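Undergrad: The structure is given below, and queries will be raised subsequently.
The values are calculated or read from the model by the stated rules, or taken from the named source; none is laboratory data. Since we're looking at a predicted model, the values are computed, not measured. Cβ coordinates were reconstructed from backbone atoms using ideal geometry, including for glycine residues, and neighbour counts include every protein chain displayed. These area figures cover heavy atoms from the full protein model, side chains too; ligands, DNA and RNA do not enter into them. Shrake-Rupley method; radii C 1.70, N 1.55, O 1.52, S 1.80 Å.
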Amino acid sequence: MGTAAITPDTAASLNEAVLSVSNMHCGGCVRGIERALGDAPGIADARANLTTRRVRVRFDPRATDVSGVIKTLANAGFEAVRFDGGLAAADGDQKFLLRCLGVAGFAAANIMLLMVAVWAGLAQDMEGTTRHLFHWIAAAIALPAVAYSGRPFFRSAWSAVKVWRVNMDVPISLAVILATGMSLWQTAAGAEEVYFDAAVSLLFFLLIGRYLDAQMRGKAREAAGNLLAFAATEATRIEPETGAHSRIRSSAVAVGDRVLVASGEKVPVDGLVLEGATQLDTSLITGESLPRRAAEGETVYAGCVNLGPAIELRAIAMADDSLLADIANLMENAQQTRNRFVRLADRAAKVYAPLVHGLGAITFIGWMVAGAGVEQALITAIAVLIITCPCALGLAVPAVQVVASGRLFRKGILVKNGAALERFAEIDRVAFDKTGTLTLGEPALLAPETISDAELRTAASLAAVSRHPLSRAIARAAEARLGPVAGARDAEETPGAGIRAGETRLGSAAWVGFAADDGAETTVYLSRAGAAPLAFRFAATLRPDAQAVIRDLHAHRLPTALLSGDRAAPVASVAAMLGIDDAQGGLSPKDKIERLEAWKAEGSRVLMVGDGLNDAPALAAAHASLSPASAADISQTTADMVFQGDSLAALPEALAVSKAARRRVFENFALAATYNAISVPLAMAGYVSPMLAAIVMSTSSIVVTANALRLRWSPRPWTP
Amino acid sequence: MDALIFLIPIALFLGGLGLAGFLWSLNSGQYDDMDGAAERILYDDPYDNRPKP
């Protein structure tokens, strides 16, 4: 990519690796990365690619290895993971299409140059020998160009025909091959008319559409390509006889093994807590940002992070049977059902291809019956196939989708692929997850006005030393009112309990030595010498425009539902606040899928909006899915679209644009049909000259592209 | 019409030159990072990124 090709002599001694760096944002990062790697021993060179957020590194395997490179980057403040090689193949595809496009463009321009001269010569006085020479030159350019640039279509058509199917590429390939073959024959026979220009410019226009499509998918893949390893890869097992600790792979943990999870470590397998009590970050599993308490006898799940003191577990499932693995399986199954979605262009092809081939056959038979020779009947039938080649169809859909996804991209919405837009346009119900989707992940301090400035300042000075979400909420509230508050110098945090600075304590009821009036985890107490403990209560904050968006959806007769894994009470209160009537709490990932399946059985097409790992299977199972950029990586990878920022307005925008895109696609189909309705009778009657074919095809392609571009400027189109 | 004998080859040669240039730029990775180059130019310290001996 960025680096020069490896020459044989250096290739022998250097290894190459591609790393994905998630937090590479600007030129400064690029320079930082290249400088850090350039200074490191054993690294020959490094080239960062800002577009794909990847770094290509060549290093000496005797001096360092990939994990050394990753460590070097980590020291410079960049999170890198080794890039999955499978995705690199997609890059190759795009380059291949671009090469085909370049060759087809060159050939189309030069053949057109010759053909325009021939057409002009037909009206004037071009000699037969000159025309003949031009035809042969055109043939010499067209044959290799078609053989080279037609491959994307020929391959796809062949793989469809092999299994007795038709796709759009079958009529395309047929038209191109027949036009080229017939023209060659006509050239050899010294005839006046050849269709080389039609064949090649057809390929050129279609390749533009194909490339746009591939580019859109590639962009989304790059954004989603940075998959981190979720589960812990190692576990600490406590040997039953000796009590010694040994590090083993988490997949080697057997049911019944005693496992130690140190502070800050990921839980390697699902297990029961045998000893100790702690707080776990379960955001990966539930999407909840607040840590959850786990005491003796409770079940904890693989993938959670231990925020508090070390705990001992007894494994109750192998790593392959853990909740995390279950979710992965659920997702895989759900995704298979979605893959059955048939794209618009393919649905059109199912009708179009037999129709076109039928028309060609009718033309041939008709001319034979009318008494024309085989040669003339064949030429006319081929002319019908050339003129009906679905050029506009091949360009119509990708052109619209590229413009639509470009428009959404500017609004901070990333569209994964064209099919996503098509599915979005079809939905008639919206299901939301609660935490992180309707509410922001971060809790906010309730009723801050009841707390005096001095109290807030004291609490914030303690909270400043902690990364706990509730501490940060206090710090934010204090900063909003008082400006930045310095941390207390002697503040000390006890993970999972609270913070202490001298006599002053901030933390759970137990931590401040106070019999709590409510057991909710979302209350924190501040206790000072000689003062009654003061309660700080927190609640999740709704996304700022959640209410407006839900009202908007209802106004467009889209029913909404709330599917949450959280407890019923908070779910009901959020639903009531937003006016969602169908709310369910306490749902497992499997329950969510069952709800979606039930709707599907009723014939409803549901859009799922969610962010947690627990939503990922539902995101995959729903007809279409949207997830915020703050979501778990796996959810972002699964969702059809990902939106950035706090505003839920991305949802109506995505719906509006995808519906408008669908309208444009249908308009384009109608335009293409109109062209065919005019030109096919002419072709069947034998009046289509190569010049007419070239004009009709270029104009329809341009009109269709221009119609797609309208989407860029049209005001917000939103019809239910 | 005799002019065609050299005009057409010249036209094809020039077109082919353009195509070759495009394929070369594609293969040498000039389209791989469309955003990076615009940002890199903002940092003008002559950092040496050539392979070390």
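Undergrad: Tally up the residues in region A:159-176 that are part of a loop (DSSP other than H, G, I, E, B) and either open to solvent by less than 80 Å² (accessible area, probe 1.4 Å) or within 14 Å of chain B (Cβ to nearest Cβ) (or both), please.
TA: Taking region A:159-176 and keeping what is part of a loop (DSSP other than H, G, I, E, B), we get A:163-168.
Imposing the further condition that a residue be either open to solvent by less than 80 Å² (accessible area, probe 1.4 Å) or within 14 Å of chain B (Cβ to nearest Cβ) (or both) reduces the set to A:166-168.
So the answer is 3.
Undergrad: Of the residues that make up region A:606-622, is at least one closer than 26 Å to A:Q401 by Cα and open to solvent by 40 Å² or more (accessible area, probe 1.4 Å)?
TA: Within region A:606-622, none of the residues are closer than 26 Å to A:Q401 by Cα and open to solvent by 40 Å² or more (accessible area, probe 1.4 Å).
Undergrad: Counting just the residues of region A:651-710 that are over 30 Å from A:V415 (Cβ atoms), surrounded by fewer than 20 Cβ atoms within 10 Å (Cβ to Cβ) and not aliphatic (A, V, I, L, M), which one comes out modelled with the highest pLDDT?
TA: A:P681
Undergrad: Considering each of A:S183, A:S156 in turn, give the residue that is farther than 21 Å from A:M691 by Cβ and either surrounded by 14 or more Cβ atoms within 10 Å (Cβ to Cβ) or more than 14 Å from every other protein chain (Cβ to nearest Cβ) (or both).
TA: Values: A:S183 fails: farther than 21 Å from A:M691 by Cβ.
Result: A:S156 is the single residue among A:S183, A:S156 that is farther than 21 Å from A:M691 by Cβ and either surrounded by 14 or more Cβ atoms within 10 Å (Cβ to Cβ) or more than 14 Å from every other protein chain (Cβ to nearest Cβ) (or both).
Undergrad: Moving on. If I ask for residues that are open to solvent by less than 30 Å² (accessible area, probe 1.4 Å) and within 12 Å of chain B (Cβ to nearest Cβ), which ones from region A:103-133 would you list? Working first, answer last.
TA: Pass one, region A:103-133, residues open to solvent by less than 30 Å² (accessible area, probe 1.4 Å): A:103-105, A:107-108, A:110-111, A:114-115, A:118, A:121, A:130.
Matches in region A:103-133: A:V103, A:A104, A:G105, A:A107, A:A108, A:N110, A:I111, A:L114, A:G121, A:T130.
Undergrad: I need the full set of residues from region A:134-153 which are open to solvent by 40 Å² or more (accessible area, probe 1.4 Å), within 13 Å of chain B (Cβ to nearest Cβ), within 40 Å of the chain's Cα centre (by Cα) and under 16 Å from A:D197 (Cβ atoms), in order please. Can you show your working first?
TA: Filtering region A:134-153 down to residues open to solvent by 40 Å² or more (accessible area, probe 1.4 Å) leaves A:136, A:140, A:143-144, A:147-148, A:151.
Subsequent filtering for residues that are within 13 Å of chain B (Cβ to nearest Cβ) retains A:136, A:140, A:144, A:148.
Checking which are within 40 Å of the chain's Cα centre (by Cα) leaves us with A:144, A:148.
Answer for region A:134-153, where residues must be open to solvent by 40 Å² or more (accessible area, probe 1.4 Å), within 13 Å of chain B (Cβ to nearest Cβ), within 40 Å of the chain's Cα centre (by Cα) and under 16 Å from A:D197 (Cβ atoms): just A:P144.
Undergrad: Restricting attention to helices (runs of 4 or more DSSP H) lying wholly within region A:386-465, give those where 3 or more residues are free of Cβ contacts under 8 Å to residues at least 40 places away in the same chain. Before you say what the answer is, go through the steps one by one.
TA: Details: elements: A:391-410, A:418-424, A:453-463.
Because the criterion is at least 3 residues that are free of Cβ contacts under 8 Å to residues at least 40 places away in the same chain, the helices (runs of 4 or more DSSP H) in region A:386-465 that meet it are A:453-463.
Undergrad: Still on this structure, I have one more. Please count how many residues of region B:1-29 are more than 10 Å from every other protein chain (Cβ to nearest Cβ), in a loop (DSSP other than H, G, I, E, B) and open to solvent by 50 Å² or more (accessible area, probe 1.4 Å).
TA: Summing the residues that are more than 10 Å from every other protein chain (Cβ to nearest Cβ), in a loop (DSSP other than H, G, I, E, B) and open to solvent by 50 Å² or more (accessible area, probe 1.4 Å) in region B:1-29 gives 1.
Undergrad: Which of the residues spanning region A:116-143 are part of a helix (DSSP H, G or I) and either within 18 Å of A:L178 (Cβ to Cβ) or of a type in the set (D, E, K, R) (or both)?
TA: Filtering region A:116-143 down to residues part of a helix (DSSP H, G or I) leaves A:116-123, A:128-143.
Within region A:116-143, A:R131, A:H135, A:A138, A:A139, A:A142, A:L143 meet the criteria.
Undergrad: Can you work out which of the residues in region A:186-203 that are buried (at least 24 other Cβ atoms within 10 Å of the Cβ) and part of a helix (DSSP H, G or I) is nearest to the chain's Cα centre (by Cα)?
TA: Filtering region A:186-203 for residues that are buried (at least 24 other Cβ atoms within 10 Å of the Cβ) and part of a helix (DSSP H, G or I), the one nearest to the chain's Cα centre (by Cα) comes out as A:L203.
Undergrad: Give me the residue from region B:30-41 that is in a helix (DSSP H, G or I) and more than 7 Å from every other protein chain (Cβ to nearest Cβ) and, out of that set, farthest from A:D93 (Cα to Cα). Outline the logic, then answer.
TA: Looking only at region B:30-41, we keep the residues that are in a helix (DSSP H, G or I), and these are B:36-40.
From the residues that got through so far, the ones that are more than 7 Å from every other protein chain (Cβ to nearest Cβ) too are B:37-38.
Numbers: B:A37: 23, B:A38: 25 Å.
Among residues in region B:30-41 that are in a helix (DSSP H, G or I) and more than 7 Å from every other protein chain (Cβ to nearest Cβ), the one farthest from A:D93 (Cα to Cα) is B:A38.
Undergrad: Sticking with this one: Could you say whether any residue in region A:418-429 is among the hydrophobic types (A, V, I, L, M, F, W, C), under 42 Å from the mean Cα position of the chain (by Cα), within 19 Å of A:L534 (Cα to Cα) and buried (at least 19 other Cβ atoms within 10 Å of the Cβ)? It would help to see each step written out before you state the result.
TA: So the first thing to find is which residues in region A:418-429 are among the hydrophobic types (A, V, I, L, M, F, W, C), and the list is A:419-421, A:424-425, A:427.
Pick out the ones that are also under 42 Å from the mean Cα position of the chain (by Cα) and you get A:419-421, A:424-425, A:427.
From what is left, the residues that are within 19 Å of A:L534 (Cα to Cα) are none.
Looking through region A:418-429, none of the residues is among the hydrophobic types (A, V, I, L, M, F, W, C), under 42 Å from the mean Cα position of the chain (by Cα), within 19 Å of A:L534 (Cα to Cα) and buried (at least 19 other Cβ atoms within 10 Å of the Cβ).
Residue by residue, here is whether (1) without any contact (Cβ under 8 Å) to a residue 40 or more places away in the chain; (2) closer than 20 Å to A:L359 by Cβ; (3) hydroxyl-bearing (S, T, Y); (4) touching a Lys or Arg at 6+ places or on another chain (Cβ under 7 Å) holds:
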{"residue": "A:A139", "(1), (2), (3), (4)": "no, no, no, no"}
{"residue": "A:G150", "(1), (2), (3), (4)": "no, no, no, no"}
{"residue": "A:V163", "(1), (2), (3), (4)": "yes, no, no, no"}
{"residue": "A:M182", "(1), (2), (3), (4)": "no, yes, no, no"}
{"residue": "A:T187", "(1), (2), (3), (4)": "no, no, yes, no"}
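Undergrad: Right, another one. Could you check A:A532 against (1) in contact with a Gly (Cβ under 9 Å, 6 or more places away or on another chain); (2) open to solvent by 40 Å² or more (accessible area, probe 1.4 Å); (3) in a loop (DSSP other than H, G, I, E, B); (4) among the aliphatic types (A, V, I, L, M) and say which number it fails?
TA: All conditions pass for A:A532, except number (1).
Undergrad: Only one residue in A:A459, A:A431, A:A419 is touching a Leu at 6+ places or on another chain (Cβ under 8 Å) and under 30 Å from A:A624 (Cα atoms). Which one? Outline the logic, then answer.
TA: Working: A:A459 fails: under 30 Å from A:A624 (Cα atoms); A:A419 fails: touching a Leu at 6+ places or on another chain (Cβ under 8 Å).
Result of the check over A:A459, A:A431, A:A419: A:A431.
Undergrad: While we're looking at this one, here's another question. Condition first: more than 9 Å from chain B (Cβ to nearest Cβ), free of Cβ contacts under 8 Å to residues at least 60 places away in the same chain and outside any helix (DSSP H, G or I). Now tell me which residues in region A:22-53 satisfy that.
TA: A:N23, A:M24, A:H25, A:A40, A:P41, A:G42
Undergrad: Being at pLDDT 80 or above and among the basic types (K, R) is the filter here; which residues of region A:233-274 pass it?
TA: A:R237, A:R258
Undergrad: Considering each residue of region A:568-604, count those that are under 24 Å from the mean Cα position of the chain (by Cα) and among the hydrophobic types (A, V, I, L, M, F, W, C), and give that number.
TA: So the answer is 2.
Undergrad: Does any residue in region B:1-23 that is under 22 Å from A:G128 (Cβ atoms) come within less than 9 Å, Cβ to Cβ, of a residue that is part of a loop (DSSP other than H, G, I, E, B) and not hydrophobic (A, V, I, L, M, F, W, C) six or more places away or on a different chain, and which pairs are these?
TA: What qualifies is B:M1/A:E127.
Undergrad: Here's something else I'd like to know. Checking A:I70 against (1) under 26 Å from the mean Cα position of the chain (by Cα); (2) away from chain B (no Cβ under 14 Å); (3) open to solvent by less than 30 Å² (accessible area, probe 1.4 Å); (4) at pLDDT 80 or above, which test does it fail?
TA: Failed condition: (3).
Undergrad: Suppose we filter A:V351, A:V397 for residues that are surrounded by 23 or more Cβ atoms within 10 Å (Cβ to Cβ) and either β-branched (V, I, T) or closer than 14 Å to A:I172 by Cβ (or both); which single one remains? Give the derivation first.
TA: Working: A:V351 fails: surrounded by 23 or more Cβ atoms within 10 Å (Cβ to Cβ).
Going through A:V351, A:V397 in turn, the sole match is A:V397.
Undergrad: Checking A:K219 against (1) at pLDDT below 70; (2) in a loop (DSSP other than H, G, I, E, B), only one condition comes out false. Which one?
TA: (2)
Undergrad: Could you tell me whether region A:366-379 includes any residue that is among the small types (G, A, S), over 30 Å from A:G645 (Cα atoms) and in a helix (DSSP H, G or I)? Walk me through how you get there before you give the answer.
TA: Let us first name the residues in region A:366-379 that are among the small types (G, A, S), namely A:366, A:370-373, A:377.
Narrowing further to those that are over 30 Å from A:G645 (Cα atoms): A:366, A:370-373, A:377.
From what's left, in a helix (DSSP H, G or I): A:366, A:377.
Yes: one or more hits.
Undergrad: Checking A:F78 against (1) under 29 Å from the mean Cα position of the chain (by Cα); (2) at pLDDT below 85; (3) open to solvent by 40 Å² or more (accessible area, probe 1.4 Å), only one condition comes out false. Which one?
TA: Among (1) under 29 Å from the mean Cα position of the chain (by Cα); (2) at pLDDT below 85; (3) open to solvent by 40 Å² or more (accessible area, probe 1.4 Å), A:F78 violates only (3).
Undergrad: Related question: Only one residue in A:V255, A:V269 is among the aliphatic types (A, V, I, L, M), open to solvent by 60 Å² or more (accessible area, probe 1.4 Å), part of a loop (DSSP other than H, G, I, E, B) and in contact (Cβ under 8 Å) with a residue 12 or more places away in the chain, so which one is that?
TA: A:V255
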